[in-house]
Amino acid sequence: MAANRELRCLQINLDRGLLAMDLMFQVIRERNVDVVLGQEPCLAEGNLVRDSSDDVFIWLAPVVRVKSLHRDRGFVAAELDGITLVSAYFSPNRSTDDFTSWLDRLGCYVRGRDSRRVLIAGDLHAKSARLGSAVANAYGRVLEEYLDAAELVPINVGNEWTFGNRIGRSLIDVTIAGTYVSGWVREW
């Protein structure tokens, strides 16, 4: 990537929709997006770096220089110069023990990098007061413990909902970062 240029990222959950995928590519063009950290991609699109279960992806513009890619079940990561970007997804239909095990795998990956320079964007179905949710769930409590242990901080704090449908609204999509990267984020 060109020197002195900020990295423009988009976090999105496509809910496996082809129209949502088309809209994502339109937004990429209109806003000159460099990286998309996404969840639940449409299976018809092949130009994405996907995890082993097709639940998450990273899209990278051709100008982005990638040092390495990592694929796992429920997360995929791209290591760039000075930052590691992770896209993550965890199904709400799995147990809290499964969430803890998954978070342990993600944590092992993050510990292998400079965790101060990591940004994780995901649909984790974790509700926590620390993330701005009015209610908490078991995933949220486990995530809070992980944030403390890994010295990561939530970026999307507040009451701006990240998911909505006819049933209601919620804060289940999260962006968390290492202490160094958290100071870089603008316009979340």
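Out of all the residues in segment 84-98, is one or more open to solvent by 30 Å² or more (accessible area, probe 1.4 Å), modelled with pLDDT of 95 or more and basic (Lys, Arg)?
yes
List the pairs whose first member sits in segment 1-24 and is open to solvent by 60 Å² or more (accessible area, probe 1.4 Å), whose second member is modelled with pLDDT of 90 or more and in a helix (DSSP H, G or I), and whose Cβ atoms are under 7 Å apart, counting only residues at least 6 apart or on separate chains?
If the second residue must be modelled with pLDDT of 90 or more and in a helix (DSSP H, G or I), the pairs left are 8/31.
Can you pull out every residue in segment 52-72 that is farther than 18 Å from residue 14 by Cα and either among the aromatic types (Phe, Trp, Tyr) or without any contact (Cβ under 8 Å) to a residue 40 or more places away in the chain (or both)?
If the condition is that a residue be farther than 18 Å from residue 14 by Cα and either among the aromatic types (Phe, Trp, Tyr) or without any contact (Cβ under 8 Å) to a residue 40 or more places away in the chain (or both), then 61, 62, 66, 67, 68, 69, 70, 71, 72 are the ones that fit.
Being in a loop (DSSP other than H, G, I, E, B) and charged (D, E, K, R) is the filter here; which residues of segment 75-97 pass it?
Matches in segment 75-97: 81, 94.
Let's see how each residue does on (1) within 23 Å of residue 182 (Cα to Cα); (2) open to solvent by less than 60 Å² (accessible area, probe 1.4 Å); (3) in a loop (DSSP other than H, G, I, E, B):
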| position | (1), (2), (3) |
| --- | --- |
| 57 | yes, yes, no |
| 71 | no, no, no |
| 103 | yes, yes, no |
| 110 | yes, yes, no |
| 113 | yes, no, yes |
| 116 | yes, no, no |
| 122 | yes, yes, no |
| 141 | yes, no, no |
| 149 | yes, no, no |
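Can we say residue 130 is over 20 Å from residue 155 (Cα atoms) and open to solvent by 60 Å² or more (accessible area, probe 1.4 Å)? I'd like the intermediate steps shown before the answer.
Working: over 20 Å from residue 155 (Cα atoms): no; open to solvent by 60 Å² or more (accessible area, probe 1.4 Å): yes.
For residue 130, the condition - over 20 Å from residue 155 (Cα atoms) and open to solvent by 60 Å² or more (accessible area, probe 1.4 Å) - is not met.
Return yes when residue 62 is at pLDDT 90 or above and open to solvent by 10 Å² or more (accessible area, probe 1.4 Å) and no when it is not.
yes
Look at segment 127-139 and say how many of its residues are touching a Leu at 6+ places or on another chain (Cβ under 9 Å) and part of a helix (DSSP H, G or I).
First pass over segment 127-139, keeping only residues touching a Leu at 6+ places or on another chain (Cβ under 9 Å): 127-128, 130-134, 139.
Now restrict to residues that are part of a helix (DSSP H, G or I): 130-131, 139.
Final tally of qualifying residues: 3.
The values are calculated or read from the model by the stated rules, or taken from the named source; none is laboratory data. Since this is a predicted model, take the numbers as computed values, not measurements. We place every Cβ from the backbone using ideal geometry, glycine too, and count neighbours over all the protein chains shown. Ligands, DNA and RNA are stripped out before the accessible areas are found, and what is left, the full protein with its side chains, is counted by its heavy atoms. Shrake-Rupley method; radii C 1.70, N 1.55, O 1.52, S 1.80 Å.
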